[in-house]
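The following block contains the structure, expressed as structure tokens.
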Amino acid sequence: MSEHFFDKQISLTEWFQGIKHDDVLKHRDEDNEKRERLRALNKIIDLPFDKPVQFSAVDIAEKTPEFQKYFNEHGSEKCALRLIPYDSSLEKLRMRGLTVHDVVTDWFPKQNIDPEKYRADFMGHSDVNYWSTIFVVTDKGITGEIIADSHEKLTQGFYDEHKPIMFSYDFKTWTLSRQDEEAQKHLEHLISFLYVNDSDKQLLLINKLNAKFVSRYLKGYFESVDTDQGVWFIDYNRLLVDDIPQFLTDEKISAHTVSGNCASGGVAKGRVRIISDPEDDSYFSDGDILVCDMTSPQYVPFMVKAGGIVTDRGGITSHAAIVARELKKPCIVGTDTATEVLKNGDFVEVDADNKVVKVLEKVS
């Protein structure tokens, strides 16, 4: 897959918009205000987060004295910028990895926005990544993925030499898809921040966070990073709290079977259609089995039509996996070899519940 698909990755809200999700505006509101929720958690339970320096977009456009002071002091530093709309019908715009100077002088003018309709959140950016995680805390326990790499390798699924480690914790015992003492130590440190005493529970409720708890842990969907600037939680979402499917091993069962990890349960049968470039006018029928390296937003039309989805890469917490669950399509990710073993026209059964793709009829 060419690298431009990686560059075009968008937020989960825009994925939901692409599949015409019924609650896309609700999800957009939740996403737009996540750092305000993290700010409340920081004040009450000392949860570390990537605290933004906030301005109105008008401050940037008009170079007000307050913003000019920030620009002068931090212009050479790399940053992440979120342009967050006051109206949830507008899309959030975001950028990461440029200096404040380059953002303001080059990137920001190209967005062609009405500054009156946005606020600007500037946050730190680091190119040194120790750990990144995505996990959910539900009544059944804590389940997710951790990777010794940058965070977008989990959300987008395009990991390289570092593969994600899946994990679960039933509030008693840790289970990891491969043993890694440093990863488990980091996970234990992370969830310690989510252990809430009774008095703090009341404060969280008073702050209108609509917080919920299980075994004294704060329930929800969380994302975090550990960089040379410290450990930060970067998302606390109250809507994305569905269980993440449990994992098995990556063992390949036979020459005509591929296996991976269940991103979305179910069983489907259909003809394999390998799509290497979603911008090609590829023939794809309703019910075909989409097979690819990893899905990006450009694959959404195929995902909507597909009977099942199978990828070489990607994790169970990636945006694509979440979208597959919303579509209720059987989806297996992280097979490593699906695009090599399977051929266009093969008739297969995607048994996502058991994490395997069986070839029922091989093309000659």
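Once both axes come from the Cα atoms, what is the angle between helix 34-45 and the longest principal axis of the chain, in degrees from 0 to 90, rounded to 10?
Once rounded, the angle reads 70 degrees.
Oh, and also: Going by C-beta contacts inside 10 Å, put Tyr70, Tyr118, Tyr217 in order with the fewest on the left. Let's see the in-between values first.
Working: Tyr70 17, Tyr118 24, Tyr217 20.
So the ranking, lowest neighbour count to highest, is Tyr70, Tyr217, Tyr118.
While we're looking at this one, here's another question. Sorted from fewest to most neighbouring beta carbons within 10 Å, what does the list Val291, Val356 look like? Mind showing how you got there, number by number?
On the way: Val291 29, Val356 21.
With the sparsest Cβ surroundings first, the list reads Val356, Val291.
Arrange Tyr283, Tyr221 by Cβ neighbour counts within 10 Å, fewest through most, would you?
Working: Tyr283 9, Tyr221 24.
With the sparsest Cβ surroundings first, the list reads Tyr283, Tyr221.
Relative contact order for the chain using alpha-carbon pairs under 8 Å, separation at least 6, rounded to a whole percent? List each step's numbers first, then the result.
On the way: 768 pairs, mean separation 59.2, N = 364.
Reported as a whole number, the value is 16 percent.
Find which of Leu83, Gln179, Ile191 sits farthest along the positive direction of the dipole of the chain, computed with +1 on the beta-carbon of Lys and Arg, -1 on that of Asp and Glu, about the Cα centre.
Ile191
Taking R0 as 22 Å, what FRET efficiency do you get between Val58 and Asp102 from their Cβ-Cβ distance, rounded to the nearest 0.05?
Numbers: r = 20 Å, r/R0 = 0.92.
That pair, Val58 with Asp102, gives E of 0.60.
Same structure, new question: Let me make sure I get this right: for the stretch 40-124, a, b and c are the square roots of the gyration tensor eigenvalues over alpha carbons, sorted descending. Under 1.5 in a/c it's rounded, otherwise prolate if a/b > b/c, else oblate. Which is it? List each step's numbers first, then the result.
Numbers: a/c = 1.69, a/b = 1.21, b/c = 1.40.
Oblate is the answer for the stretch 40-124, as a/c is 1.5 or above yet b/c matches or exceeds a/b.
Continuing with this model, one more query. In whole Å, how far is the Cα centre of the stretch 286-364 from that of the stretch 182-239?
Measuring centre to centre over Cα atoms gives 33 Å.
Further question on the same structure: State to the nearest 20 debye the size of the charge dipole of the chain about its Cα centre, where the only charges are +1 on K and R beta carbons and -1 on D and E beta carbons. Don't skip to the answer; put the middle values down first.
Numbers: 45 positive and 62 negative charges, 201 e Å.
Roughly 960 debye for the chain.
Values quoted throughout were computed directly from the atomic coordinates according to the rules given, and no laboratory measurement underlies them. Since this is a predicted model, take the numbers as computed values, not measurements. Neighbour counts run over all protein chains shown; Cβ positions are idealised from the backbone, glycine included.
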